[in-house]
Amino acid sequence: MNKKIKTYYLLTAFTIFMFGFSYMLVPIYEVFCEITGLNGKTGSINSTLVIEKPVERFVRVQFTSNVINSAPFKFSPGKKEMVIQPGKIYTTFYTLTNQSNQPLLATANPSITPGKYAEYFKKIECFCFTHQQINANETKELAVQFIVDKKLPSEATSLVLAYTMFDITKQLGYKLEK
Amino acid sequence: MNTDADHLHEDHKTGIMRWITTTNHKDIGTLYLFLSLTMFFVGGAMALIIRAELFQPGLQLVNPDFFNQMTTMHALIMIFGALMPALVGLANWQIPLMIGAPDMALPRLNNWSFWILPFALGMLGSTLFFEGGAPAAGWTLYPPLVLQGGDALPYAIFSIHLLGLSSILGAINIIATILNMRAPGMTLMKMPMFVWTWLITAFLLIAVMPVLAGAVTMLLTDRFFGTSFFTASGGGDPVMFQHIFWFFGHPEVYILILPAFGVISTIIPTFSRKKLFGYDSMVYATASIALLSFIVWAHHMFTVGMPLAGEIFFMMTTMLIAVPTGVKVFNWIATMWKGSMTFETPMLFSLAFIVLFTIGGFSGLMMAITPVDFQYHDTYFIVAHFHYVLVPGSVFAVIAAVYFWLPKWTGKMYDETLGKTHFWLTTIFVNITFFPQHFVGLAGMPRRIPDYAVQFTDFNAISTIGSFGFGIAQILFLYILYKTLKQDVTADNKVWEGAEGLEWTLPSPPPYHSFEEPPKVE
């Protein structure tokens with residue numbers, strides 16, 4: 001093959017590789033965030049978490065909520081605060097009310113603060129990222145079941161779980177059921 | 001060989017079709033440079049709208065939304081429409097002449113990479129007339145803001161795809177030319193510095209332009225196809241866009257400056273009548289700057305909330321870049337040391353480049369220090385910094401290159417007195433424009449705002465006066481170019497007494513097809 005054409009093909013292949021690399025940066029970023037606990041992403045569940053005799057240690061978990069872009073939601077935690085023991089399963093709930101006169105589609109993002117302890121906070125059941133249909137003036141209770149890993153460093157005495165509620169009717173409104 | 005060349009000579013078309021169908025590197029270089037000059041004035045006009053609005057506090061001339069469109073479009077047009085085409089145009093004209101090649105390696109591809117540009121820029125410019133206006137979220141296109149704009153977004157994204165494609169094709173062509181078409185005897189370490197800097201720049205382009213394409217494609221699918229790369233409601237992360245964008249963005253700023261380094265490394269030895277000091281170290285310094293550019297990106301986003309280790313890493317690597325850059329600056333100064341210097345217009349622009357680029361480099365070093373960057377971030381200090389490295393940096397180098405090689409390209413000598421007048425006006429006004437921006441920035445004036453607190457009024461007024469002076473000085477540049485082409489004063493083949501290199505062995509202007517027989521390099 002002509003040398004010039006060979007250079008051309010090699011460089012074109014490199015270009016395509018770099019385009020792919022830009023998409024590879026997405027999972028790389030996710031892994032990086034998981035390792036460093038950035039963005040308050042919570043850890044994954046496994047069966048060894050529950051222990052028969054929880055250690056005599058108490059951690060305060062506070063619950064907060066936000067609504068993005070003044071969407072017509074009333075969104076608040078059922079309990080503002082719980083005192084829990086690592087290694088035990090707990091359940092609590094958030095209340096979501098649609099204050100408008102039409103059905104809306106809502107979705108929530110969770111976040112743990114401080115971020116470096118996020119991996120020790122495991123959610124067994126959670127309404128995050130699911131698309132909730134909520135009809136006009138309806139109120140829903142959304143359950144959260146969680147466990148705090150017993151390996152939580154001893155200096156951590158309180159954690160905050162925050163949920164941010166988004167109105168995604170504009171983007172995904174076609175999914176609404178009549 | 002000769003018959004082949006004669007045949008080609010007769011073959012080339014005349015009139016408009018010559019320019020549309022041309023595959024000649026000289027023609028394409030000229031096209032690039034003319035497009036760049038046009039876009040320089042379009043982008044400049046937008047800058048003057050920005051400066052006119054900022055002459056006084058309060059809103060006088062334009063509404064804030066249009067102001068934001070102007071800051072966004074000014075940056076996109078200056079980067080992708082003015083500077084990059086200018087540098088590629090210089091590469092097209094000079095690289096074959098400097099390495100003794102008859103043309104670029106892939107001439108038809110070359111035609112394409114130019115002719116994509118006017119259409120891409122036309123698409124980008126047309127968004128100004130859309131309902132909702134042009135993109136207005138800044139040239140960095142950060143989500144979520146950019147996703148909330150009007151219908152301009154998909155147009156802007158497609159035009160960025162095309163502009164990137166044009167740059168990539170140009171870069172592939174440049175690498176293929178340099179690696180395969182050097183005259184016998186011209187080893188890599190004998191290549192002129194301009195060729196070296198472009199070789200490295202072309203690799204940077206191929207490495208990062210596709211990443212920008214990927215990032216803007218993700219924006220597009222987030223907006224129209226329900227993906228959630230950056231949409232928080234779907235579990236995406238807007239900060240990730242900043243990481244991907246600056247993974248492209250930081251090498252991009254070196255793409256804009258490395259060929260300028262090459263130009264300065266050509267002009268300084270010519271007018272000092274000495275060889276370039278430390279050629280080898282110049283090559284290694286350029287390569288180190290290029291490599292380091294891939295691991296410093298997050299210094300553009302120190303305030304997003306990175307772990308401490310990350311902030312320290314990006315601070316240290318950023319400061320490390322000052323070392324190879326310092327090597328270059330010291331080499332230029334050492335080249336002039338005890339040289340028989342004369343001060344023709346290209347040399348004046350190059351000297352101003354060294355002084356003013358170094359000022360821009362130092363303010364960059366200040367911002368590399370993470371704790372103080374929290375104060376400087378998104379203020380006019382950063383505006384002053386990057387305008388110091390891009391205007392009296394890259395733009396001055398392009399102007400110097402045009403004065404330096406114009407007599408070779410056209411066979412006609414420009415008016416030296418007018419050239420010097422242009423230099424002094426430009427240099428004085430560029431400082432009046434951008435120096436006060438350091439002060440308002442340090443005092444806390446944010447960038448990208450149409451209105452500001454009254455204590456910033458005086459410096460902003462000075463800056464605006466400077467910018468209009470700078471604009472008028474460039475009209476003089478237009479006149480000088482026009483006068484050069486219209487007059488009869490011819491330039492001899494060597495043009496400059498101290499000039500060295502293969503391009504000066506050709507007649508001025510060089511024949512349409514040059515170096516059909518490769519020259520021998522000792």
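The values are calculated or read from the model by the stated rules, or taken from the named source; none is laboratory data. Not measured: the values here are computed from a predicted model. A quick note on method: Cβ atoms are made from the backbone with ideal geometry, for glycine too, and the neighbour counts reach across all protein chains shown. With ligands, DNA and RNA removed, areas are computed over all heavy atoms of the protein, side chains included. Shrake-Rupley method; radii C 1.70, N 1.55, O 1.52, S 1.80 Å.
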Would you mind getting the Kirkwood hydrodynamic radius of the stretch B:29-505 from its Cα pairs, rounded to one decimal in Å?
22.9
For the stretch B:407-506, what does the relative contact order come out to in percent, with C-alpha contacts under 8 Å and a separation of six or more?
47
In degrees, nearest 10, the alpha-carbon axis of helix A:3-36 is tilted away from the dominant principal axis of the alpha carbons of chain A by 10
When every protein chain stays in place and a 1.4 Å probe is rolled, A:C33, A:C128 sorted by accessible area with the largest first are A:C128, A:C33
Taking chain B as the reference, fit the longest principal axis to its C-alpha atoms, fit the long axis of helix B:308-320 to the helix C-alpha atoms, and give the angle between the two in degrees, 0 to 90, nearest 10.
30
Filter B:K274/B:K494; B:K328/B:K486; A:K6/B:K275; A:K79/A:K122 down to the pairs with a C-alpha to C-alpha distance above 27 Å, please.
B:K328/B:K486; A:K6/B:K275
Solvent-accessible area, 1.4 Å probe, carbon plus sulfur percent, for chain A
56
Rg/Rh for the protein assembly as shown: what does it come to with C-alpha atoms and Rh from Kirkwood?
1.04
With a ≥ b ≥ c the root eigenvalues of the C-alpha gyration tensor of chain A, is it rounded (a/c under 1.5), prolate (a/b larger than b/c) or oblate?
oblate
Once Lys and Arg are counted +1 and Asp and Glu -1 for all other residues with Cβ under 13 Å from that of B:E503, the total becomes +2
Once both label points are put 7 Å beyond Cα along the C-beta direction, the A:L10-B:R108 separation in nm becomes 2.3
Take the alpha carbon atoms of the stretch B:280-315, find their center, do the same for the stretch B:115-171, and report the distance between the two centers in whole angstrom.
28
Chain B: relative contact order as a whole-number percent, Cα under 8 Å and 6+ apart
18
Heavy-atom accessible area of B:W424 with all protein chains present, probe 1.4 Å, nearest 10 Å²?
140
Accessible area per residue, 1.4 Å probe, Å², for the protein assembly as shown: what's the number?
42
With θ set to phi - 60° and the Karplus curve 6.51 cos²θ - 1.76 cosθ + 1.60, what are the ³J(HN,Hα) couplings of the stretch B:214-224 in order, to the nearest whole Hz, using x for Gly and Pro?
x, 4, 6, 5, 4, 4, 4, 6, 5, 6, 10
What accessible area, summed over both chains, is buried at the A-B interface (1.4 Å probe, Å², nearest 100)?
2500
Whole-angstrom gap from the stretch B:364-421 to the stretch B:442-475, using each part's C-alpha centre:
18
Give the aspartates and glutamates whose C-alpha is closer than 14 Å to that of B:K190, dropping any in the same chain fewer than 8 places away, or say none.
B:D280, B:E500, B:E522
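Leaving out ligands, DNA and RNA, what percent of the accessible area of the stretch B:29-505 is carbon and sulfur, probe 1.4 Å? Don't skip to the end; give the middle numbers.
On the way: 12040 of 16590 Å².
Accessible surface attributable to carbon and sulfur in the stretch B:29-505 totals 73 percent.
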Solvent-accessible area lost in complex, 20 Å² minimum, residues of the stretch B:204-230 relative to chain alone, 1.4 Å
B:I206, B:A207, B:P210, B:V211, B:G214, B:T217, B:M218, B:F229
Jot down the radius of gyration and Dmax of the stretch B:433-489, Cα atoms only, both in angstrom.
17.1, 54
Enter the accessible area of B:H161 (Å², nearest 10), with the probe set to 1.4 Å and all protein chains included.
50
Do you know which residues of the stretch A:106-124 lose at least 10 square angstrom of accessible area in the protein assembly compared with their chain on its own, with a 1.4 angstrom probe?
A:T107, A:N109
Pick from A:Y90, A:Y120, A:Y163: which is most flexible by mean-square fluctuation in a GNM of chain A where alpha carbon atoms under 10 Å apart are linked?
A:Y90
Restricting to lysines and to Cα separations under 18 Å from B:K13, and discarding same-chain partners fewer than 8 apart, the set is B:K26
DSSP loop trypsin sites (Lys or Arg not before Pro) in the stretch B:473-522 with at most 13 other Cβ atoms within 10 Å of their Cβ, which ones?
B:K520
Can you give the Rg to Rh ratio of the stretch B:281-365, both from alpha-carbon atoms, with Rh computed by the Kirkwood formula?
1.10
Quick one: helix B:238-272 against the long Cα principal axis of chain B, what's the angle to the nearest 10°, folded into 0 to 90?
30
Given labels modelled 7 Å from the Cα in the Cβ direction, how far is it in nm from A:I35 to B:R448?
3.1
In this structure, the FRET efficiency calculated for A:Y23 and B:V489 from their beta-carbon separation, with R0 = 60 Å, to the nearest 0.05, is 0.60
Given the protein chains as shown and a 1.4 Å probe, how many square angstrom of B:T30 are accessible, to the nearest 10?
30
